[in-house]
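Encoded as structure tokens, the structure appears first; notes follow it.
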Amino acid sequence: ELRGMFEVKKGKTKRAKQNPETTTPAPVYPPVDEESPVAKKALDILRNEDPLNFILDAFTRDHVGDKIVAECLIMSVASQSVANTKGLHVSISGNSGKGKTHACNTMLRLLPEEYRIKGTVSNKALFYYDDLRAGTVLLFDDVSISDELQEIMKSATANFQEPIEHRTLTRDRQLKVCTIPERCVWWLAKVEAVGDDQVMNRMLTVWIDDSAEQDRAVLEHLKRMESGRLPPAGEDENVSVCRIMLGELKKKIHRVRIPYADRINFSAAHNRRNPAMLLDLIKCHAVLHFLQRETDEDGSLIANREDFVYARKLFIAINSDVGGQETKLTRNESAALATIRKMGLNIFTVRQLQDALGLSYHQTYRLMHGYSNSRASYQGILDKCPAISLIDATVVEELCGVEARRREHY
């Protein structure tokens, strides 16, 4: 028994050393050939053209519409190259089958391969991932975010410029420190929002376009692609150009100064993170044009008026019809409130709202009250909207000549 406890493990270690091919080799990332036509084109765009518009054009070749969603994702990537920012993370909500996954995958395809991760992970898996690089994009697509993973997200977003440490014990009961690298951004694509409002406060909240016009545009795009009139996804030279451009952006971390920051006014500043996000959007747009911006004596990039005009336009957009940055509402929750307002009723029931929205009773009830599952809990409109209150009443009605009582929510 004593030999079995120790020699078996020793034998496994010895066999692993004798057979190094059984271990997974570390990925090798070839350097970019700066003399290649693709690299020259990428550098020329960074110096003389608009990199944002070029990336958006490459995005729209594979994905129709959702321009604001794409801009938020690009700004999120650009925030990884800003030294004086807390990072921009993105939460995308919308109905199932409306393009959340496709939009995120299309944007991921434009990033260098070594800076993107998608799929499901366990709560502590990222701490033990040896090949995780600083400045990586983490995509969670329709994944229930557990409470433990939400705590990691809060730590990673609150300390964006520093690695996140996790202390654990080895098999020999020795202290081991595992880390998630700095400047990693999180993209969440879900029908519902993450349950924790502290996580949502740190994110750009944007909605996928689920209108009938968008459905027709996607259908026409799919027809053109299947008929051979459009190149297959990912086989365009512009994809390689975007990867080189974003790879060049990640080579250096820039400090950005906004000389006109004291002249910016906010109509609503009670959520202190939203003004900080607007300032971060200005910095991200400036750093995306880092070869076209002036620098001061300390080497910091100087944001100009063009950066403010763009950031203001994007910030207003995600606070109106394409996002819920201030309210933190999802697309379905915003549609429900708009329906209630159009109905003109001061008091309504779940059944009345169900008939107006065309949803099932269970879906409408969860929309109002929220729900919990085995992994996480989700807030409803009652938690988010102070204008909505609840009266739980008992209603008496006659069914087949028999008096019956039932509960009704007003």
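The values are calculated or read from the model by the stated rules, or taken from the named source; none is laboratory data. What you see is a predicted model, and the numbers here were worked out from it, not measured in a lab. Glycine gets a Cβ as well: all are built from the backbone with ideal geometry, and neighbour counts include every protein chain shown. Protein only, heavy atoms only, side chains kept; ligands, DNA and RNA dropped before computing areas. Shrake-Rupley method; radii C 1.70, N 1.55, O 1.52, S 1.80 Å.
Some points to look at:
- Its relative contact order, with pairs defined as Cα atoms under 8 Å and 6+ residues apart, puts the range 100-177 at 24 percent.
- Residues 298, 383, 44, ordered by accessible area of protein heavy atoms at a 1.4 angstrom probe radius and largest first, appear as 298, 383, 44.
- A Förster distance of 56 Å, applied to the separation of the beta-carbon atoms of residue 371 and residue 50, puts the FRET efficiency at 0.80.
- Counting 0.36 nm for each residue step from residue 361 to residue 155 and taking away their Cα separation leaves a gain of 70.4 nm.
- Under 15 Å, Cβ to Cβ, from residue 53 - net charge with Lys/Arg +1 and Asp/Glu -1: -2
- Measuring between alpha carbons in the structure, the pairs from 118/313; 100/283; 98/250; 252/283 lying more than 22 angstrom apart are 118/313; 100/283; 98/250.
- In the chain, helices alone account for a calculated mean residue ellipticity at 222 nm of -12500 deg cm²/dmol, with every DSSP H run of four or more residues adding -39,500 (n - 2.57).
- The chain shape via C-alpha gyration tensor axes, a/c threshold 1.5: oblate
- For peptides 163-170, 403-410, 285-292, sequence by mean Cβ density within 10 Å, most packed first: 285-292, 163-170, 403-410
- Approximating the spin labels as points 7 Å out from Cα along Cα→Cβ, the residue 213-to-residue 122 distance works out to 4.8 nm.
- Percent accessible area from carbon and sulfur atoms, the chain, protein chains only, probe 1.4 Å: 49
- Semi-axes of the equivalent ellipsoid for the range 81-148, Cα gyration tensor, largest first, Å: 21, 17, 14
- Of all the options 185, 322, 396, the one that moves most in a Gaussian network model of the chain with Cα springs shorter than 10 angstrom is 396.
- In the context of the full set of protein chains, the range 302-410 has a per residue accessible area of 62 Å² (1.4 Å probe).
- Most to least accessible of 263, 257, 116 (protein chains only, probe 1.4 Å): 263, 257, 116
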